[in-house]
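Participant: I have a structure here, written as structure tokens, and I will follow up with some questions on it.
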Amino acid sequence: MIAIDGQPILTAAQMRAAEDAAIAAGSSVTALMQRAGEGIAAATRRLVAGAEVLIVCGPGNNGGDGYVAATALAGLGHPVRVAASGPPKTDAAIAARAGWTGPIEALTDATPAPILLDCLFGTGLTRPLAPEIDAALARLSHAARLVIAADLPSGTNADTAEAPDWAKARPAALTLALGALKPAHGLHPAAAACGTIRLIDLGIDRPDAVTVAARPALPQPGPASHKYTRGMVAIVAGAMEGAARLAAVAALRSGAGYVALYGGSGQGGPDAIVHRPYEPEALADERIGAILIGPGLGRDDEARAHLQALIEADTHRLVIDGDALHLLDPDALRRRHNPVVLTPHAGEFHALFGTPDGSLLDRARTAAARAGVIVVLKGPTTIVADAARVRIHLAGNPWLSTAGTGDVLAGTIAAQLAHPHADPMAAADAGVWLHARAAWIAGKSFIADDLANALTPARAGA
Ligand SMILES: NC(=O)C1=CN([C@@H]2O[C@H](COP(=O)(O)OP(=O)(O)OC[C@H]3O[C@@H](n4cnc5c(N)ncnc54)[C@H](OP(=O)(O)O)[C@@H]3O)[C@@H](O)[C@H]2O)[C@@H](O)CC1
Ligand SMILES: Nc1ncnc2c1ncn2[C@@H]1O[C@H](COP(=O)(O)OP(=O)(O)O)[C@@H](O)[C@H]1O
Ligand SMILES: [K+]
């Protein structure tokens, strides 16, 4: 059982292909199932302090994992019972079932236990749960002290992240992803139904184009550092200067060496923020590492002209956020040479790109490819994508749902992007990671100003 940071995420079809490749290379379904079932048993035993476990088994290999886990737990003297929705149907599951010598109850009238280990369905789900199966899981999960799901809470669609009613009402405490994570482990509503997620590594090779974000490697200043080598951020201020100031504080506290606001009243915020009038020549300054436009910009003709000028000048890396996303033609960005990061929430994303096919992960990647940019699709799970890669960030915190936290994120990303030689995708990733970390440091019921201030300890610990 291992932590999920940096781990690949595979669709159900990719998982089957990876499993087939492992089998072609000399493994077998039975060997993989044995490893999965023993891993599930070990993790369960560690968590439940001797309490009785009811394992519910389905007809496929998820059920097979359950029979292996039951046999392993019983072999260790752990109290365990098994209930099934029907007989096993795959060869490996039939063999696993044969290894279990205890009785098998019928799922629909099984007696509850303090621990429910859910091995009914995993990645092989082909349709929504029948009402009687959902009802049985609802009854058993409500009566249990703790629910543990093997691979996925049964009835979850691994790719689209739809979740069954029983698991939305009674989320698992722990979900043990088998072999690799699936999109449903990271995307809502399924992610909330999974509880804590851990991986049981089955030794299968997996593609890593889509992964859970890992702790970033952040640059540290050295003896030769000065404010410009730390990265200079320029922020275009507009109608609501407070938003631009929040972004400016965030940029400074997350590591930028110099932050200047261009336009606006020229006042307010910490003295470390430099105020300048808006002049296109000033924004052409070669020392600027990244320009942020959007927070509090307004959506009038002047705002539109400023955005247009920056896109066409193509002199710097850009972060485009907030109001500027409403003024943007994403297809115009393809002509640019310097990297662009867009930071839409779901509504802004839809307005910019419509609803491309597939899961949120696919949509973010499709949009990034179309515009030739890095997309940071914000939400309870934040997705960072370019045309080829997707990183998902699960560490956010629901207390972030307060006004201005998006401005803080935009400033944080701009600071990472401004660092000389920063890889743009890694910079966007690092910004999202620092922002989430700051949210945990800021505690509960914080305001966006507190979040921006918490970036100093967040950055210090990274
Ligand atoms: N990947 C790996 O490396 C490894 C994977 N392993 C494990 O295998 C799991 C995938 O196994 P799997 O493919 O056999 O599918 P699984 O989830 O057990 O269900 C399929 C069965 O359920 C049935 N069924 C489907 N929906 C239904 C519904 N709504 N209501 C009722 N029935 C429904 C479906 O029947 P059918 O649709 O044909 O009627 C079929 O019989 C994976 O999650 C992991 O646990 C490990 O053992 C080893 C290594
Ligand atoms: N329920 C939630 N769980 C985790 N993060 C959230 C949640 N709601 C919002 N966030 C995060 O808070 C930020 C909100 O940004 P945004 O929607 O642009 O707000 P604003 O425009 O008010 O600054 C994003 O980083 C988003 O990921
Ligand atoms: K399951």
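The values are calculated or read from the model by the stated rules, or taken from the named source; none is laboratory data. Please read all numbers here as calculations on a predicted model, not as lab measurements. We place every Cβ from the backbone using ideal geometry, glycine too, and count neighbours over all the protein chains shown. Side chains are part of the model used for accessible areas, which takes the heavy atoms of the whole protein and leaves out ligands, DNA and RNA. Shrake-Rupley method; radii C 1.70, N 1.55, O 1.52, S 1.80 Å.
Participant: Once the other residues with Cβ under 11 Å from the Cβ of Gln220 are scored (Lys, Arg +1; Asp, Glu -1), what is the net sum?
Facilitator: Working: positive: Arg230, Arg459; negative: none.
Value of the local net charge: +2.
Participant: Beta carbons within 10 angstrom, averaged per residue: use that to sort the peptides 122-134, 423-435, 308-320, highest first. Display every interim value, and only then the final one.
Facilitator: On the way: 122-134: 16.2, 423-435: 24.8, 308-320: 19.6.
Ranked by mean Cβ neighbours within 10 Å, highest first: 423-435, 308-320, 122-134.
Participant: How would you rank 35-43, 232-240, 438-446, highest first, on the average number of other Cβ atoms within 10 Å across their residues?
Facilitator: Details: 35-43: 23.0, 232-240: 25.7, 438-446: 17.3.
Result, highest mean first: 232-240, 35-43, 438-446.
Participant: In debye to the nearest 20, how big a dipole does segment 121-181 give about its Cα centre with +1 on each Lys and Arg Cβ and -1 on each Asp and Glu Cβ?
Facilitator: On the way: 5 positive and 6 negative charges, 49 e Å.
Using Cβ point charges on Lys, Arg, Asp and Glu, segment 121-181 gives about 240 debye.
Participant: I've got another one for you. Give me the Kirkwood hydrodynamic radius of segment 42-160 in Å, from all C-alpha pairs, to one decimal place? Kindly include the intermediate steps, with their values, before the conclusion.
Facilitator: Working: mean 1/r = 0.0717 Å⁻¹.
Mean inverse Cα-Cα distance, inverted, gives 14.0 Å.
Participant: Relative to the compact-globule scaling 2.2 N^0.38 Å, provide the ratio for the alpha-carbon radius of gyration of segment 327-462.
Facilitator: Working: Rg = 14.5 Å, N = 136, 2.2 N^0.38 = 14.2 Å.
Relative to the rule-of-thumb radius for its length, segment 327-462 sits at 1.02.
Participant: Follow-up. Grab the alpha carbons of segment 36-86, take their convex hull, and tell me the volume per residue in Å³.
Facilitator: Working: hull volume 2.9 nm³, N = 51.
Given the Cα convex hull of segment 36-86, per-residue volume reads 57 Å³.
Participant: Let me ask something else. With axes computed from alpha carbons, what is the tilt in degrees of helix 241-253 against the longest principal axis of the chain, rounded to the nearest 10 within 0 to 90?
Facilitator: 70 degrees
Participant: Can you work out the accessible area per residue across the chain, with the rest of the protein chains kept in place, probe 1.4 Å, in square angstrom? Don't skip to the answer; put the middle values down first.
Facilitator: Details: 18630 Å² over 462 residues.
Using a 1.4 Å probe on heavy atoms only, each residue of the chain averages 40 Å².
Participant: What translational D, rounded to a whole number of µm²/s, comes out for the chain from Stokes-Einstein when the hydrodynamic radius is the Kirkwood one over Cα pairs, at 4 °C and 1.567 mPa s? Working shown, then result.
Facilitator: Numbers: Rh = 23.6 Å.
The diffusion coefficient I find is 55 µm²/s.
Participant: Please state the shape class of segment 307-372: rounded when a/c is under 1.5, otherwise prolate if a/b exceeds b/c and oblate if not, all from the C-alpha gyration tensor. Mind dumping the intermediate values first?
Facilitator: Values: a/c = 2.28, a/b = 1.63, b/c = 1.40.
Cα axes put segment 307-372 in the prolate bin.
Participant: Sorted by accessible area (1.4 Å probe), largest first, how do Ile23, Ile293 line up? The partial results should precede the final answer.
Facilitator: Values: Ile23 60, Ile293 0 Å².
The ordering from most to least exposed comes out as Ile23, Ile293.
Participant: With 30 Å as the cut-off, how large is the P(r) tail for segment 12-210, expressed as percent of Cα-Cα pairs? Before the final figure, lay out each step's value.
Facilitator: Numbers: 2145 of 19701 pairs.
Cα-Cα pairs in segment 12-210 separated by more than 30 Å: 11 percent.
Participant: If you look at just the Cα atoms of segment 263-346, how large are its Rg and its Dmax in Å?
Facilitator: Just the Cα atoms of segment 263-346 yield Rg and Dmax of 12.9, 38 Å.
Participant: What is the angle, in °, between the Cα long axis of helix 29-48 and the longest principal axis of the Cα atoms in the chain? Nearest 10 is fine, range 0 to 90.
Facilitator: Compared with the principal axis, the helix lies near 80 degrees.
Participant: Okay, moving on. Which FRET efficiency value, to the nearest 0.05, is calculated for Thr315 and Ile94 with the Förster distance at 41 angstrom and r the Cβ-Cβ distance? Numbers along the way, then the final one.
Facilitator: Numbers: r = 66 Å, r/R0 = 1.61.
That pair, Thr315 with Ile94, gives E of 0.05.
Participant: Another question, if that's okay. Do the sum for the chain: with -39,500 (n - 2.57) for every DSSP H run of n ≥ 4, divided by all residues, what is the mean residue ellipticity at 222 nm, to the nearest 500 deg cm²/dmol?
Facilitator: Working: 19 runs with 188 residues, N = 462.
So the calculated ellipticity at 222 nm is -12000 deg cm²/dmol.
Participant: If only Cα atoms are counted, what is the Rg of segment 112-244, and what is its Dmax, in Å?
Facilitator: Values for segment 112-244 (Cα only, Rg and Dmax): 21.6, 68 Å.
Participant: Sticking with this structure for a sec: Sequence gap at least 6, Cα distance under 8 Å: using those rules, report the relative contact order of the chain to the nearest whole percent. Numbers along the way, then the final one.
Facilitator: On the way: 1063 pairs, mean separation 59.4, N = 462.
Taking the mean separation of contacting Cα pairs over the length of the chain, I get 13 percent.
Participant: Can I ask one more? Report the extension gain between Asp300 and Arg335 in nm, rounded to one decimal, defined as 0.36 nm multiplied by the number of residues separating them, less their alpha carbon distance. Numbers along the way, then the final one.
Facilitator: Working: separation 35, 0.36 × 35 = 12.60 nm, distance 2.42 nm.
Stretched out fully, the Asp300 to Arg335 stretch lengthens by 10.2 nm.
Participant: With a ≥ b ≥ c the root eigenvalues of the C-alpha gyration tensor of segment 227-460, is it rounded (a/c under 1.5), prolate (a/b larger than b/c) or oblate? Walk me through the intermediate numbers first.
Facilitator: Details: a/c = 1.43, a/b = 1.07, b/c = 1.34.
Rounded is the answer for segment 227-460, as its axis ratio a/c remains below 1.5.
Participant: How long is the gain from Ala130 to Asp449 if the chain were fully straight, where each residue apart is worth 0.36 nm and the alpha carbon distance is subtracted?
Facilitator: Details: separation 319, 0.36 × 319 = 114.84 nm, distance 4.84 nm.
Extra length available between Ala130 and Asp449 comes to 110.0 nm.
Participant: What is the helix-to-structure angle for 301-313, meaning the angle in degrees between its Cα long axis and the longest Cα principal axis of the chain, kept from 0 to 90 and rounded to the nearest 10?
Facilitator: 80 degrees
Participant: A further question follows. I'd like the per residue volume of the convex hull spanned by the Cα atoms of segment 373-419, given in cubic angstrom.
Facilitator: Values: hull volume 3.9 nm³, N = 47.
Once divided by residue count, the hull of segment 373-419 is 83 Å³.
Participant: What are the residues whose amide H is under 5 Å from the amide H of Ala290, where those residues sit 5 or more places off or on another chain and H is modelled from the backbone?
Facilitator: Hits under the 5 Å cutoff: Met232, Ala234.
Participant: How large a share of the accessible area of the chain, in percent, is made up of carbon and sulfur atoms when the probe is 1.4 Å and the other protein chains stay in place? Numbers along the way, then the final one.
Facilitator: Working: 10020 of 18630 Å².
Carbon plus sulfur share of accessible area: 54 percent.
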